[in-house]
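Here the structure comes first, spelled out in structure tokens, and everything after it is commentary.
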Amino acid sequence: MIIYLNGEFVPEAQAQVSVFDRGFLFGDGVYEVIPVFGGRPLQLAAHLARLARSLAEVRIHNPHDPSGWESLLATLLEKNPGGDRSLYIQVTRGVARRDHAFPVGVQPTVFAMVNPIAPQNPAVLEQGVAAVVVDDHRWSRCDIKAITLLPNVLARQEALDAGATEAILIRQGLATEGAASNLFVVGDGVIITPPKDRSLLPGITRDLVMELAQDAGLPLMESTIPEQSLQMAEEIWLTSSTREILPVTRLDGRPVGTGLPGPVWRRIHGLYQDYKARLREGA
Ligand SMILES: Cc1ncc(COP(=O)(O)O)c(C=O)c1O
């Protein structure tokens, strides 16, 4: 694999970062994940805008404007040919002697790599996945895509230990999002997702799903989702760039709705696959 690191494209064995990097010492950095289908990044402008926002919120200089990022990522994709992939970008505050205060005169560390996206598992699309409800132990700026992911890691592992695929996080009685995904429920045929605020990541897949649903005339509402209403939901979905729209068919061991992926999920999944197909064709 060829890695982009601080202005150079290098084989992964040569891509090395100092132990004094603030990403390593403090988790002081932000990241972005962009899916690529048929060589074309999905919603690239939106991903780069979110990266710019994350950087601005944590006061790290954005090393590139959108066209600079675009050409860097295009070169990285060229150097790592393959099928469906995802781009990972990480920018940290840079390398300095360990001190909490921002270092002066230090360049950010800029790293990007390409990872394969696993093809969708037909069993997941037929049967859905299990999720569990977990307390949200994260900080109060979950809208920033920070690399500091320990609570997300622990939540996901709690889900896996319980035989589930993903954790749905609960904060002050409300279901906000998954450990690495956004949350949608269907109730009385209406698609509901929590409004964007500091308790959740403004997911690019979330926005695209909302746009596709609206364009198709599906009833949709942004509203908080109390934990108890999860048990009554007809459908639950979790969305992310790499896992797309996952139908959750078991929650804490109990079936969601009929216990199989629901009709509204089938519709939105189809619309999302059509969107990807158009992207692949360059439409
Ligand atoms: C906490 C969290 N919420 C939501 C998402 C989904 O965001 P996106 O659709 O932009 O991948 C992610 C993605 O990794 C995430 O980590």
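The condition (being under 19 Å from GLY128 (Cα atoms) and either hydrophobic (A, V, I, L, M, F, W, C) or free of Cβ contacts under 8 Å to residues at least 12 places away in the same chain (or both)) is satisfied by just one residue among VAL185, VAL190, VAL153: VAL185.
Yes or no, residue by residue, for (1) more than 22 Å from the chain's Cα centre (by Cα); (2) of a type outside the set (Val, Ile, Thr):
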site	(1), (2)
PRO202	no, yes
LEU218	yes, yes
ILE225	no, no
GLU235	no, yes
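ILE236 falls short of the stated requirement of being within 14 Å of the ligand (Cβ to nearest atom) and either surrounded by 14 or more Cβ atoms within 10 Å (Cβ to Cβ) or of a type outside the set (S, T, N, Q) (or both). Checking each residue in the stretch 117-137 for being closer than 27 Å to TRP265 by Cβ, modelled with pLDDT of 95 or more and outside any helix (DSSP H, G or I) picks out GLY128, VAL129, ALA130, ALA131, VAL132, VAL133, VAL134, ASP135, ASP136. In the stretch 38-45, the count of residues that are under 15 Å from GLN90 (Cα atoms) and surrounded by 15 or more Cβ atoms within 10 Å (Cβ to Cβ) is zero. Here VAL110 meets the list (1) touching a Pro at 6+ places or on another chain (Cβ under 6 Å); (2) part of a loop (DSSP other than H, G, I, E, B) almost entirely, failing just condition (2). When we screen VAL248, VAL186 for residues that are surrounded by 21 or more Cβ atoms within 10 Å (Cβ to Cβ), away from the ligand (no atom under 15 Å from the Cβ) and part of a strand (DSSP E or B), the only hit is VAL186.
Taking the numbered list (1) within 15 Å of the ligand (Cβ to nearest atom); (2) under 24 Å from VAL36 (Cα atoms) in turn, PHE111 passes all entries but (1). Residues in the stretch 169-183 that are within 11 Å of the ligand (Cβ to nearest atom), outside any loop (DSSP other than H, G, I, E, B) and hydrophobic (A, V, I, L, M, F, W, C): LEU169, LEU183.
Only strands (runs of 3 or more DSSP E) whose full extent lies in the stretch 1-56 are considered here, and the ones with at least 3 residues that are within 24 Å of PRO202 (Cβ to Cβ) are 29-37.
Only one entry in LEU154, LEU218, LEU212 is more than 10 Å from the ligand (Cβ to nearest atom), in a loop (DSSP other than H, G, I, E, B) and surrounded by fewer than 22 Cβ atoms within 10 Å (Cβ to Cβ), namely LEU218. When you look at SER199, is it of a type in the set (S, T, N, Q), outside any helix (DSSP H, G or I) and within 27 Å of PHE20 (Cα to Cα), yes or no? The answer is no for SER199.
All told, SER18 falls short of being in contact (Cβ under 8 Å) with a residue 24 or more places away in the chain and within 16 Å of the ligand (Cβ to nearest atom).
The values are calculated or read from the model by the stated rules, or taken from the named source; none is laboratory data. Bear in mind the structure is a predicted one, so any value in this text is a computation, not a measurement. Every residue, glycine among them, receives a Cβ derived from its backbone with ideal geometry; neighbour counts consider all protein chains shown.
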